[in-house]
Amino acid sequence: MHETLIAAAEAPIPIRALSEADFDNLGDARLQALAATHRFKAKRGEALLVTGDDGALAEVLFGLGKGQPDPMSLRGLPGKLPAGDYVLKGDLDPRLSALAWAMGSYGFDRYKPREDKPRPRLVAPEGCDLEAVTAIAHACALARDMVNTPASDMGPLQIETVAREIASQYGATISVVTGDDLLEQGYPAVHAVGRAAASHRAPRIVEIGWNLDKTDLPLVALVGKGVVFDSGGLDIKPASGMRQMKKDMGGAAHALALGRMVMQARLPVRLVVLTPVVENAISGDAFRPGDVLSTRKGLTIEVGNTDAEGRVILSDALARASEHNPDLTIDFATLTGAARVALGPELPPFYTDDETLAADLAKAAKAEIDPIWRMPLWPGYRDAVDSDIADVRNDSAEWAQAGSVTAALFLQRFAPETGSWVHFDIFAWNPRARPGWPAGGEAQAIRGVFAMLKKRYG
Ligand code: BES
Ligand code: MN
Ligand code: ZN
């Protein structure tokens, strides 16, 4: 990975961040004439490359627009600059600026390497912890790489491998239960959803444990939906809906990336990361609409639709999490299309009944500029996941309509009763490219959650 943040540089090129008002008061005729030529007005995200007498790049003007400056707008800048070392002037938040720069330098180049030339690098602004910022940016890049990598190269074994690498890097324990062992070890729901896959892509549950012997520390459990490809199973998805389903392991990628942030920062917590990993495939052995599945918790699930597979595998993972008596359980899942209908691709909903946690999360995420929005675990819709012949059904009753809410209510039936629980229904994807936000895999909510965890436990 190219490092795009550095500690120091010799004669770095200054980037001057200016609001529109700052720009109007610049009082520099040469610069203003140049700006006019290039129609630069210091609008948010605009960049003006200023050359010196020798014709070389001497300075960059970066527009902050009107009103409260948004340091995240710096994500768009590295892609507009030639290779070189830069230093940021002006009073943007140093840590968020550095983070924005690093995240904006991300590109997915596994199959189509970007030209192998040095990229623009930013001298870490004074007052920002270079190592801490780099760790967060790397974790987000890991999540994005995992989501972007197609199912052919990011199958169950590859997710297990990523988890093993993270565990060994931080001295964590890891255990993996695979294939028919899932039945013996009490993960029947994970097995049912994943058993149709080819044997080399067998279902599994991956569990990382860190600091578990330090029993006086609070225990945080992270759970992530790891569907490496969601064909929809027998209730097969239409082509348009299936096209992006390599990203259906986004929850697992997010849980692993957040787990890595926690371990890297040595947060004083005990940590469990649980990712049920399956391919929702079609074969003669696939689970069927109408099947009644048993689960680790003992509740039975009537399968109304094999395409509502995420909540089924999460039921076993949440039941497993509760066996650790967690103080806090956080799950991430690309769970419903309905979440997108409600809030669109850039604003993941979260669900919790813990008012303090909801407030802490909202506040931390806002400060981190990592947008999330609370939605309700509306008790009036609880009946929508009742089944006539089993304890719950995986496709909620149509009358309730609110698909993301009813999916969350389904998970709530399996969530730990000790401590608090919060569920994120993430999209993990940028459907359109913007400078600094390339189309494809995106890390959502984990920076905000990490900030909340640091505040709470750090
Ligand atoms: N992985 C999908 C949800 C999804 C689709 C997330 C598109 C992001 C983008 C999930 O497994 C699914 O198919 N959910 C169904 C549930 C329905 C069958 C009850 C959905 O949302 O349509
Ligand atoms: Mn599905
Ligand atoms: Zn899915």
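The values are calculated or read from the model by the stated rules, or taken from the named source; none is laboratory data. Small disclaimer: the values here were computed from a predicted structure and weren't measured. Glycine also receives a Cβ, built like all others from the backbone with ideal geometry; neighbour counts cover every protein chain displayed. Areas reflect the complete protein model, heavy atoms only, side chains present, ligands, DNA and RNA absent. Shrake-Rupley method; radii C 1.70, N 1.55, O 1.52, S 1.80 Å.
In the stretch 216-327, which strands (runs of 3 or more DSSP E) lie fully inside it and hold 1 or more residues that are within 16 Å of ligand 1 (Cβ to nearest atom), in contact with a Gly (Cβ under 9 Å, 6 or more places away or on another chain) and among the small types (G, A, S)?
The strands (runs of 3 or more DSSP E) meeting that bar are 219-224, 226-230.
Check off (1) touching a strand residue (DSSP E or B) at 6+ places or on another chain (Cβ under 7 Å); (2) under 20 Å from T329 (Cβ atoms) for R447 and give me the number that stays unchecked.
(1)
Before we move on, is D331 in the same structural domain as V176 (by TED's automatic domain parsing), under 15 Å from the mean Cα position of the chain (by Cα) and within 15 Å of ligand 3 (Cβ to nearest atom)?
When the stated conditions are applied, D331 passes them.
Looking at the stretch 8-52, which of its residues are in a loop (DSSP other than H, G, I, E, B), open to solvent by 80 Å² or more (accessible area, probe 1.4 Å) and of a type outside the set (D, E)?
Once the filter is applied, which keeps residues that are in a loop (DSSP other than H, G, I, E, B), open to solvent by 80 Å² or more (accessible area, probe 1.4 Å) and of a type outside the set (D, E), the stretch 8-52 yields A11, N25, H38, R39, K41, K43, R44.
Against the condition farther than 27 Å from Q169 by Cα, touching a helix residue (DSSP H, G or I) at 6+ places or on another chain (Cβ under 6 Å) and in the same structural domain as T161 (by TED's automatic domain parsing), how does D235 come out, does it pass?
no
Which residue pairs have Cβ atoms closer than 8 Å, lie 6 or more positions apart in sequence or on different chains, and pair a first residue in the stretch 318-344 that is open to solvent by less than 10 Å² (accessible area, probe 1.4 Å) with a second residue that is more than 16 Å from ligand 2 (Cβ to nearest atom) and among the polar types (S, T, N, Q)?
L318/T329; A319/T295; A321/T329; P326/T418; L328/S420; T329/S322; T329/S420
Just for the stretch 66-109: of the residues that are part of a helix (DSSP H, G or I) and of a type in the set (S, T, Y), which one is nearest to A8 (Cα to Cα)?
S97
When D354 is evaluated against the numbered criteria (1) within 16 Å of ligand 1 (Cβ to nearest atom); (2) acidic (D, E); (3) more than 18 Å from the chain's Cα centre (by Cα), which criterion, by number, is the only one it fails?
(1)
Can you tell me which residue in the stretch 372-383 is surrounded by the fewest Cβ atoms within 10 Å (Cβ to Cβ), limited to those that are more than 19 Å from A253 (Cβ to Cβ) and within 19 Å of the chain's Cα centre (by Cα)?
Per the stated criteria, the residue is W373.
Check the stretch 408-424 and report whether any residue there is open to solvent by 10 Å² or more (accessible area, probe 1.4 Å), of a type in the set (F, W, Y) and closer than 16 Å to I330 by Cα.
Yes; the residues of the stretch 408-424 include at least one that is open to solvent by 10 Å² or more (accessible area, probe 1.4 Å), of a type in the set (F, W, Y) and closer than 16 Å to I330 by Cα.
So, in the stretch 328-359, exactly how many residues are in contact with a Lys or Arg (Cβ under 7 Å, 6 or more places away or on another chain) and part of a helix (DSSP H, G or I)?
Total meeting the criteria: 1.
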